[in-house]
Structures are given as structure tokens and as C-alpha cells.
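Nothing in this text is a laboratory measurement; each read-out follows from the coordinates by a stated rule. As the structure is a prediction and not an experimental result, all values here were calculated from the model. Here the Cβ positions follow ideal geometry from the backbone for every residue, glycine too, while neighbour counts run over all protein chains shown.
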Amino acid sequence: SAVISQKPSRDICQRGTSLTIQCQVDSQVTMMFWYRQQPGQSLTLIATANQGSEATYESGFVIDKFPISRPNLTFSTLTVSNMSPEDSSIYLCSVERGEGTDTQYFGPGTRLTVL
Amino acid sequence: GQQVMQIPQYQHVQEGEDFTTYCNSSTTLSNIQWYKQRPGGHPVFLIQLVKSGEVKKQKRLTFQFGEAKKNSSLHITATQTTDVGTYFCAGTGGGYQKVTFGTGTKLQVIP
């Protein structure tokens, strides 16, 4: 199994600022995923982060708003830029439980509130 | 795009009663997964179904994948307060190779 940690666990930010969320995995993984979960809602995939290449963004999410870094096989960051109250959500990173299995381990999440 | 819907959205049951959530996809799936998210927690993988008509059991939980691989169900027998949470199905398929999460069913168990 993979152990995933995220920092920060929660934050309250002002409109117009940016927040970078870190995701650390205790083993090397090929693919890491970033999800957004708005209050009481399901999970929406923001992007897939592969080491050594640009992240692949899903429809409705753009790199300027959600820049992602993947400097190595155990770490990734997601930045939420120029935040507005609509960005208030839980942001989760995840990794595949086994390569090509589609099943995932999730990190504990970062609860973001934008005032 | 691919859509995965779950019903019901919410369910309150008395402890000891059974519970079922249904998952329906707009496209044929190559596999379906189920996750449980406790209040304030993150999704935790429960099981994956791959074959048409497949049925798997985990103690009081029974998972089924439909014959057409477009629907699935999760049945909990004799619910306990530890079953409280939101249950998500998630599927891959229909030419869309990313996992799509269902809308979720929030289960509340009344002691």
C-alpha cells in the first residue's frame, strides 16, 4: 500500500492570492492525480501529473489557474492561483494502487476556504 | 462525456436494516470500483469488479456488476453505525480512459 501525505491539511485564504498544495508519497509512482471535491459533491479530476512531462488537464481546468509540478516520482504540487470563493473545496491527490489498475489511494486532502 | 449517476443521493436507515446503492453509467465500462468516504475523511478503495455479471462479497457488503457492464450495485446487510459515510462508484470506459466518479450516496445509520 502507499502512504500519501498532503500539506497543508487546511487553509483559509484571501481572494486573489495563491496557495500551493504538496503531495508526498512513500513510494515511487508513475502517475499522480489531483481531484477537487466541492462541499457535499463528488470528486472531479483536475489533472494527471506524470514525472518529466507536463500535466494533462481535464476539460474545464487550465494550467494558468492550476499549475502542477512533478519533480520526481514521489512528489507533486498543485497551485490554486488567483483564488476566488468558488475555489473553496477539498483538494485531493491520489496514486494508482497498482500500475494500470485504475484503482487509487487517496491522500487525506487539503480543505481550502477562500474569503 | 462519460456520466456516472448514483441513486439514491441520501439514505437514512435504522441500524440493522439493509441498504442498497445503485450506480448507472452512460457508457459501457471496462471496470467499476467502489470507494467509501467517511465524514471528514478521504475516499478509501473497497473493491473492483471487472467481469460482466460479477458478484463479490466482503463480509456484509455485496457488490454486483451488471451484465451489460453499465451498472453496478452495492448492498449492505444489517447496517451498523460504522457503515456511515458516502459511497462512490467509479468507472473507466467508453473510450474515456480516466476514472469517472459517480455522484455518491450518503448513508446515515440511526442507532
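Summary of values
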item: Highest-fluctuation residue, B:59, B:69, B:98 considered, GNM on chain B with Cα pairs under 10 Å; result: B:59
item: Charge dipole of the protein assembly as shown about the Cα centre (unit charges at C-beta), most positive-ward option of A:110, B:65, B:20; result: B:20
item: Inter-centroid distance (Cα atoms) of the range B:38-111 relative to the range A:10-45, Å; result: 23
item: Peptide A:98-108 - average C-beta neighbours from other chains (10 Å radius); result: 5
item: Along chain A, longest interval not containing exposed GluC sites (Glu not before Pro), exposed being DSSP loop plus at most 13 other Cβ atoms within 10 Å; result: A:1-53
item: Taking the convex hull of Cα positions in the range B:4-110, its mean projected area over all directions (nm²); result: 6.0
item: Average beta-carbon neighbours from other chains, 10 Å sphere, peptide B:43-51; result: 3
item: Where Cα atoms sit under 23 Å apart: lysine pairs in the protein assembly as shown separated by 8 or more or lying on different chains; result: 25
item: More than 29 Å apart - percent of Cα-Cα pairs taken over the protein assembly as shown; result: 28
